[in-house]
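The values are calculated or read from the model by the stated rules, or taken from the named source; none is laboratory data. This one's a predicted model, so the numbers in the text were calculated from it and none came from an experiment. Because the Cβ atoms are built from the backbone with ideal geometry, glycine has one as well, and the counts that use them run over all protein chains shown.
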Amino acid sequence: MIRRKWPAAGVGVLLAALTAGLAFPSAAVAGEPTGQDAPQVDLVLDVSGSMRTRDIDGQSRMAAAKQAFNEVLDATPEEVELGIRTLGANYPGDDKKEGCKDTAQLYPVGPLDRTEAKTAVATLNPTGWTPIGPALLKAAGDFKDGNGSKRIVLISDGEDTCAPLDPCEVAREIAAKGIGLTIDTLGLVPNAKLSRQLSCIAEATGGTYTSVQHQDELTDRVNELVDRAAEPVVTPVATEGAASCAKAPTLESGLYTDREEFGQQRWYRVDVLPGQELRASVSVAADRAVNPDYGVLLRAVTVHNREIVRGEAAGTGRTDVLSTGLRYP
């Protein structure tokens, strides 16, 4: 049985996604389409003046990013259409209005010519402002139509300098369009303010935030995200969990959606055979502003109601995605 519980009081309708994964190679994935379009990735790189700072393995942040990009370009799967967008690469002046327009498509999203893309990256020099919000708005339009996965990978060493255009709000607007675009973020500086902003951007679209301080970490993480884009897109299947364990519906390996109010519980049954492993996660997003005191609790229990493993996460009151997961061998 898998049980989800929101311990907070208050009323709010939630959209929840449950992945119940049984670890065997031939498992069918509910909702997986066939014949999908090519996956697309847009690498968005901060080229602002602070990227000159020499604090990554004895070299500048820009040099580390260039080296990482070259290795990523070499490793990009053939089926992935990849592009590169910059922010802060061209305007060196002090006019904020002009600095906040400084975002450009360095290499268009499409079939990858590795030599051409590397040549474009080699021309970059740290220059100006950090217009993250404007760059995300432009990047959302860099993709072609199609049902393949779409992913922005944002790499920055500083928070946005173009307020009042809040990049978190930009990310929420992108998510609200329903175009299936995920934004992953990487921070090159262990800074609390930067971490909060990049985390907020990522969470708004169901993406991830990672802090990296070494060139090899940057390379590995970007490679991982590009590879993830090449994975099949899974369409969630609507389901309705039960209010009690005895009436729980049985779920196969796959991705599911459900809706409920705060304080409710939903039960699901997953059959785990000998030699198999249970992996489950849940992501929830409030459809309205909520009080800060809320959370999500995911429990796996036996048919005799004995808890075997749990995962939980607390909310902050923002209308971002809140996620937790569990794993049981």
message = Of all residues being touching a strand residue (DSSP E or B) at 6+ places or on another chain (Cβ under 7 Å) and closer than 20 Å to Gly141 by Cα in the range 199-224, which is surrounded by the most Cβ atoms within 10 Å (Cβ to Cβ)? Just the residue, please.
response = Ile201
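Can you name every residue in the range 243-268 that is over 30 Å from Thr185 (Cβ atoms), in a strand (DSSP E or B) and either at pLDDT below 90 or in contact with a Lys or Arg (Cβ under 7 Å, 6 or more places away or on another chain) (or both)?
Step one: filter the range 243-268 for residues over 30 Å from Thr185 (Cβ atoms), giving 243-252, 261, 263-268.
From the residues that got through so far, the ones that are in a strand (DSSP E or B) too are 250, 261, 265-268.
Once the filter is applied, which keeps residues that are over 30 Å from Thr185 (Cβ atoms), in a strand (DSSP E or B) and either at pLDDT below 90 or in contact with a Lys or Arg (Cβ under 7 Å, 6 or more places away or on another chain) (or both), the range 243-268 yields Thr250, Glu261, Gln265, Arg266, Trp267.
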inquiry  = Exactly one of these conditions fails for Gly180: (1) closer than 26 Å to Glu81 by Cβ; (2) at pLDDT 95 or above. Give me its number.
reply    = (2)
query = When you go through (1) modelled with pLDDT of 90 or more; (2) polar (S, T, N, Q); (3) not in a strand (DSSP E or B) one by one for Ser26, which number turns out not to apply?
reply = (1)
message = I'd like to check something: does the range 232-241 contain any residue that is buried (at least 18 other Cβ atoms within 10 Å of the Cβ) and in a helix (DSSP H, G or I)?
response = no
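Kindly provide the set of residues from the range 283-310 that are in a strand (DSSP E or B) and modelled with pLDDT under 75, ordered by number.
To start, the set of residues in the range 283-310 that are in a strand (DSSP E or B) comprises 283-286, 295-301, 307-310.
Listed by number, the residues that qualify are Ser283, Val284, Ala285, Ala286.
Return a yes/no flag: does the range 211-224 have any residue that is over 30 Å from Leu112 (Cβ atoms), in contact with a Ser or Thr (Cβ under 9 Å, 6 or more places away or on another chain) and not hydrophobic (A, V, I, L, M, F, W, C). It would help to see each step written out before you state the result.
Going residue by residue through the range 211-224, those that are over 30 Å from Leu112 (Cβ atoms) are none.
Scanning the range 211-224, I find no residue that is over 30 Å from Leu112 (Cβ atoms), in contact with a Ser or Thr (Cβ under 9 Å, 6 or more places away or on another chain) and not hydrophobic (A, V, I, L, M, F, W, C), so the answer is no.
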request  = Output yes when any residue across the range 166-183 is in contact with a Pro (Cβ under 6 Å, 6 or more places away or on another chain) and assigned by TED's automatic domain parsing to the domain that holds Gly88, and no when none is.
outcome  = no
task = List every residue pair whose Cβ atoms lie under 6 Å apart, where the two residues are 6 or more positions apart in sequence or sit on different chains, the first residue falls within the range 92-107 and is more than 18 Å from Leu124 (Cβ to Cβ), and the second residue, located anywhere, is part of a loop (DSSP other than H, G, I, E, B).
result = Glu98/Tyr91; Cys100/Pro131; Cys100/Cys162
